[in-house]
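As structure tokens, the structure follows; a few thoughts come after it.
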Amino acid sequence: MRYSQPLGLRAAAALGFAFRECVVREAVDRIPRPGLFVTQRALPGQEELLPAQRLVQLRTEPDFSQVVLALPKVNRNRRWSFRESGIVVTDLRFLASLEARPAEGYYILSQPLHVTADTILPRRTLVQMTYSLTALPIVYVARFEGSSIVFPNAGYKFSAELLPLLQDAGFLAPAAQDERQLH
């Protein structure tokens with residue numbers, strides 16, 4: 001549509017605001033939701049700190065004004081805690097290259113899984129899953145000891161091809177607590 005008269009200042013300002021709002025909304029829609037991710041390529045300008053194939057936690061401000069990637073700090077009880085401070089990322093192409101990872105936690109195998117030449121885990125086996133620093137899944141196979149479910153200290157490392165075989169177990173474990181002495 002072509003206008004025969006120049007737009008007034010108010011109309012031009014309204015169109016400019018609507019355009020900026022549309023651009024901002026489109027950019028916000030392209031930002032991944034918070035969670036665990038693996039970098040598919042190094043962050044330009046931060047290659048040593050954030051190389052390809054690194055597990056990261058993506059955080060955002062409530063208004064998406066800032067996107068931060070936090071690096072793993074320590075793994076306790078097969079769960080990563082992440083650094084408080086992180087790397088602010090403004091490159092939408094880099095953010096689009098991140099590959100989402102399911103949350104660490106408890107899963108059930110949807111089909112049998114060969115873990116060694118001699119060992120096959122049956123379908124519906126309960127496992128606890130975490131990640132290596134390079135975002136490879138590590139599964140710990142549950143076993144019963146008396147009336148308790150116990151997970152071993154050593155797990156099996158897999159490629160990301162394992163992830164579709166995992167179904168959320170549907171429960172959460174209580175947070176780890178210091179040992180208590182009963183009287």
I'd like to check something: does the range 35-46 contain any residue that is polar (S, T, N, Q) and either touching a helix residue (DSSP H, G or I) at 6+ places or on another chain (Cβ under 7 Å) or closer than 30 Å to Val150 by Cβ (or both)? yes
Condition first: open to solvent by less than 40 Å² (accessible area, probe 1.4 Å) and not small (Gly, Ala, Ser). Now tell me which residues in the range 159-178 satisfy that. Leu162, Leu163, Leu165, Leu166
Provide a single number: the residues in the range 117-147 that are open to solvent by 60 Å² or more (accessible area, probe 1.4 Å) and of a type in the set (Ser, Thr, Tyr). 2
List the residue pairs whose Cβ atoms are under 6 Å apart, where the first residue sits in the range 75-86 and is open to solvent by 100 Å² or more (accessible area, probe 1.4 Å), the second is not aliphatic (A, V, I, L, M), and the two are 6 or more positions apart or on different chains. Arg83/Lys73
Given the criteria in contact with a Leu (Cβ under 8 Å, 6 or more places away or on another chain), touching a residue at least 24 places away in the same chain (Cβ under 8 Å), assigned to a loop (DSSP other than H, G, I, E, B) and open to solvent by less than 50 Å² (accessible area, probe 1.4 Å), does Leu69 qualify? no
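The values are calculated or read from the model by the stated rules, or taken from the named source; none is laboratory data. Owing to the predicted nature of the structure, the values given are computational and were not obtained by experimental measurement. Note that each Cβ is placed from the backbone with ideal geometry, even for glycine, and that neighbours are counted across all protein chains shown. Just the protein is used for accessible areas: all its heavy atoms, side chains included, with ligands, DNA and RNA removed. Shrake-Rupley method; radii C 1.70, N 1.55, O 1.52, S 1.80 Å.
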